[in-house]
Structures are given as C-alpha cells and as structure tokens.
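Working notes, beginning with the structure itself.
The values are calculated or read from the model by the stated rules, or taken from the named source; none is laboratory data. Please read these numbers as outputs of a predicted model, since none were measured by experiment. Here Cβ is always computed from backbone atoms with ideal geometry, including for glycine, and neighbour counts include all displayed protein chains. Accessible surface areas use protein heavy atoms only, side chains included; no ligands, DNA or RNA. Shrake-Rupley method; radii C 1.70, N 1.55, O 1.52, S 1.80 Å.
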Amino acid sequence: MNFSKKSLKLMSVVAGTMLMGSVFAGCGDEGSADEIKVGANFECTGNVANYGQATLDGFNLAIKEINDAGGVNGKKIKVVSADNKSEASEAVNAATKLISDDKVKVIVGPAVTANVIAESQVATDNKIPIIAPDATSPDVTVENGQVKPFVFRSCFIDPQQGSVMAKFATEKLKAKTAVIYVDNSSDYSKSLGKVFKEKFEAAGGKVLMEEAFLAKDQDFKAALTKLKTANADVVFVPAYYEEVGKIVKQARELGFKQPFLGTDGWDDSKVADIAGADALNNTFFSTHYSDKDAEVKGFVDAFTKEYGHAPNVFAALGYDAGKMLADAIKRAGSDDPEKIREALEQTKDLKVGTGTITMDKHHNPIKQAVILENKNGDRVMVAKIMPDAE
C-alpha cells in the first residue's frame, strides 16, 4: 500500500516497551563482538503509528525467534529502535542517529512510502542497506530509471496488484468487460487503474468506461449511475477502505449485481462496517496474505501467542523483513553492510511468513498475492496468484 496517503487514528506508544527479545542500544554504544546491531526506524507515534507499531511487532517476533535459535553466524541480533513520529523529516533524523550514533549495519523500516524515500538518501550516502517492509510504491527502490543500490523491500509493489486482479478477472471470473472507478487524488489508485486496464485488455478484455472520485467524497451515485449503464462484467475500484465501503454500499443500492474488485487498500475490517456485510458479498481484493492460509499458520500462531491477538498484514510484512534480514546476514557471513547488501540482492526462494521471496533486479521481491472474497461478513481466500514474469 502507498500507506502515506491513508487517514488513520492517532496511536501513541512508549518506545521503551517496544522491543521484545531484543536489546536497546544507547546513543554512541558501539556494541560488542558477539552481536550484530540493526536499526528499526518506525512510526511509533503520530498519525500512522498503528502501521509502524504493527510492523515493528512482526519484525521483533522474527528477531526473537532467530536469537532464541542461537542467532546468526554465532552472534545475536541487537535491535536499536528509533521513532520517526510518522514524519518524513523525522525519518531522516532517525536514520542519521541510527547510522552515526548507534553504528547499525542495516536499517529496517519505515513503514510508509514517503518516509522510506526520505530515509533512502541518508542510507545510500552512508552505504547502509535498508529494507522497507510495507512501502509498495515503485519509487521506493527505483529513481529516474535507476535501481537504488542500498534499498530493498519485503512486500510486492503496487503494479503487481493491478496485474494480479486483471488476471483474476479474466481467468477466474471469466470477465470480458470491465469498468474502472479510481480515486483521482491518489497516485496509488490511478497507477493501479492504469495497470489493470493495460493487463485486462492485453488478455482480451475490454474496459468500457472509466470514472473518478476524490478522497473524502461522500456521494458517489452520479458516477456510479453512469458506470451502471455500461453493464460490465466487473467493476474495479483500487481505493482505500473509507471510500470503498461507501462506494460498494451505494452501488448495491443502485442495483449493481456485478462483482466488485479491489486491492490491498480494501484490507481493513472497517469496510464491512461501512458497506454492510450483505453489500460486500461478491467482492474480491488482492492483499499480501491470509491468516486462514495453512502455509502461514506457524507465523499466525507464534504471533498470537506472543502478543495475545492475531497479526494484521503489517505485522506479517514486518516478520518477513526480519527473516529476510537474518538470511542475508547469514549468507554474507559478516555484518559488513556491503556484504549484506550483496546478499540481499541474491535472495532466492526464501521461506518467510507470507510465502516465498526471490529478489528481482529492481530489489522487489517476487512473491504471490492472495485474493480474498468478502462473503457473509467473513473473508475467504479464493486464489493465490504469482506475478507474470518480466
């Protein structure tokens, strides 16, 4: 998700209680010979703190498991945490502190796209690799057509979702026609609409009509009335849950019977609260994992045992980043940042919490997306789809 665009409630946390099974390092602490220091730069306070905290929880669980199993190359991983306060400028300050004062060898985080992009120049200048667990914008790892050498991620990118949903529409739903309804104030939404159209039509489908709305709009019926005249097989709405819930509710009131399709912006239980469970029937969206997937049961059970509640998608992606980091350090055979960077580039067939990761040439993981169906108030996994090869 292009998380920086979302509107979320304020959640403050106390930094001193964050790390479980890991150890804080104070400013200027050089560490010891039997540990590897890594930074965690997350939104622990501020308006996207629930993203940052959930991701940090998943990351900490992965590091706890690794340390409990003996660590990496005979050393324990020591996590040094910094709060970027959900602000891009503070993400830069946090990264600078972690690198200059705490002498970390690699940084995981931040959660949101804007904060990762802000941090990336500091990390690159200092030749410290970073892993972004949640930031899905292509701009995170590629700038002006050039791959950023020290920036990696453990989640798939936005365009993959447009491609995956086009594939699901044509192959699973047998759709021949579609209409697209995007949030014109969101680059995330517009990019996904563009990719979906390209891939859907390349597969033989036809996009009959496109309409747009703006974030915080309340009444969508005029545009929906236009879209209804197309009588398309599916309706693609790559947007965030606040608007999605209202759009689906109003569409059903206007008599839409077709499947509605979406992306990970739908991945919030509040969609059902807004739209109503009945209206959400026959809707499908792509996301990073399903907690009902037997293949991720081990992670879900471990997280629930540690924290007392089930993980959300951010926690899962943070856990993936922790496993990816430890694997790279192990294969590097060293805590040298350049060797870790090279190992991250060579990540292949790595089993993590949400599936298996292989790093592509743009420092994005090749990993499956999961398609969930909203059904009678529940969410049911109906497909796993790998991206098409480049």
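Annotation note: trypsin sites (Lys or Arg not before Pro) in region 270-345 located in DSSP loop regions with a Cβ neighbour count of at most 14 within 10 Å are 292.
Over the chain, what is the percentage of antiparallel beta bridges among all DSSP beta bridges, to the nearest 5? Show your work: numbers first, answer last.
On the way: 20 of 50 bridges.
Antiparallel: roughly 40 percent of the beta bridges in the chain.
In terms of its C-alpha gyration tensor, the chain has a prolate overall shape, because the principal axis ratio a/c (a ≥ b ≥ c, square roots of the eigenvalues) is not below 1.5 and a/b outweighs b/c.
Long hydrophobic helices in the chain, taken as whole DSSP H segments with a C-alpha length of 27 Å or more on their own axis and mean Kyte-Doolittle hydropathy at least -1.0: 49-68, 313-332. Charges were assigned to the Cβ only: +1 to each Lys and Arg, -1 to each Asp and Glu. The resulting dipole of the chain about its Cα centre is roughly 920 debye.
Under the classification rounded if a/c is under 1.5, otherwise prolate if a/b is larger than b/c and oblate if not, where does region 344-390 fall, given a ≥ b ≥ c as square roots of the Cα gyration tensor eigenvalues? In terms of gyration-tensor shape, prolate.
Taken along the Cα-to-beta-carbon direction at a fixed 7 Å, the label points for residue 351 and residue 338 span 3.5 nm. Note on residue 89/residue 217: beta-carbon distance plugged into 1/(1 + (r/R0)^6) with R0 of 25 Å gives a FRET efficiency of 0.25. Largest to smallest in accessible area, the residues 309, 362, 288 fall in the order 309, 362, 288 (1.4 Å probe, all protein chains included). Based on protein heavy atoms only, region 241-387 ends up with 39 Å² per residue of surface accessible to a 1.4 Å probe.
Once you order the gyration tensor axes a ≥ b ≥ c over the Cα atoms, which shape class does region 216-329 get: rounded for a/c under 1.5, otherwise prolate or oblate by comparing a/b with b/c? Numbers along the way, then the final one.
Working: a/c = 2.81, a/b = 2.49, b/c = 1.13.
Prolate, because a/c is 1.5 or more and a/b exceeds b/c.
For the chain, adding -39500 (n - 2.57) for each run of n ≥ 4 DSSP H residues and dividing by the number of residues yields -11500 deg cm²/dmol at 222 nm.
Leaving ligands and nucleic acids out of the surface, order 274, 63 by accessible area at 1.4 Å, largest first.
Details: 274 55, 63 0 Å².
Greatest to least solvent exposure: 274, 63.
Approximating the spin labels as points 7 Å out from Cα along Cα→Cβ, the residue 309-to-residue 231 distance works out to 4.7 nm. Of the trypsin sites (Lys or Arg not before Pro) found in region 142-175, those in coil by DSSP whose Cβ has at most 13 other Cβ atoms within 10 Å are 174.
Measuring only protein heavy atoms, the 1.4 Å probe finds residue 280 accessible over about 10 Å².
Modelled spin-label separation between residue 208 and residue 273, with each label point placed 7 Å from Cα along the Cα-to-Cβ direction: 3.5 nm.
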